[in-house]
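Shown next, in structure tokens, is the structure this report addresses.
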Amino acid sequence: ASPGRDYAVLASLRGFRPGLQLPDNTRRVISLAPDALFYLLVSSGNVPGVLENFRGLLDHTGAPPAATPPTVRLPAGLPRGTRVCFAAVAFNPLMATGLDVSNPWALIVE
């Protein structure tokens, strides 16, 4: 965790692979396959009404603030089985690339 650091939650509809290898001579990867949703979140940090509070400042425990947690509201009508994959990064100058990377997770429409 990176308490007190800026964070961003990123998402992809393409899945976890191949991911983005970080240029720090380690095996660290942002485990998302970049797509339009990924780049939209990189550039804006939110998709109003759908993915909100996807950027912010981590609290003293390294978690997003309880008052404004990342929120996901998937639009009605998404096909069953649609998978939205997520990973988070914290901007941490103590890391070789300046990024602390979370393990990925997914939501699946049922």
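Near the amide H of residue 51, within less than 5 Å, lie the amide hydrogens of 73, all on another chain or at least 5 residues away, with H placed in the peptide plane. Accessible area per residue for region 1-41, computed on protein heavy atoms with a 1.4 Å probe, is 56 Å². Taking max minus min of the alpha-carbon positions on each principal axis, the chain gives extents of 43, 34, 22 Å, largest first.
Measuring from a point 7 Å past the Cα of residue 46 along Cα-to-C-beta, which residues in region 71-89 have an amide N at less than 15 Å? Answer for this model: 71-73. Put simply, the amide H of residue 56, placed in the peptide plane, has neighbours under 5 Å in 7, leaving out anything fewer than 5 places away on its chain. Keeping the other protein chains in place, figure out the carbon and sulfur percent of the accessible area of region 35-110, with a 1.4 Å probe. Accessible surface attributable to carbon and sulfur in region 35-110 totals 62 percent.
Give me the net charge for the shell around residue 110: Cβ to Cβ below 14 angstrom, other residues only, Lys and Arg +1, Asp and Glu -1. All intermediate terms of the calculation are to be shown ahead of the outcome.
On the way: positive: 80, 83; negative: none.
Taking every Cβ under 14 Å from that of residue 110, the sum is +2.
Over the chain, calculate the relative contact order: mean separation of alpha carbon pairs under 8 Å at least 6 apart, over the residue count, as a percent. Reported relative contact order: 34 percent.
The values are calculated or read from the model by the stated rules, or taken from the named source; none is laboratory data. What you see is a predicted model, and the numbers here were worked out from it, not measured in a lab. Ideal geometry is used to build each Cβ from the backbone, glycine not excepted, and the neighbour counts take in all protein chains shown. Just the protein is used for accessible areas: all its heavy atoms, side chains included, with ligands, DNA and RNA removed. Shrake-Rupley method; radii C 1.70, N 1.55, O 1.52, S 1.80 Å.
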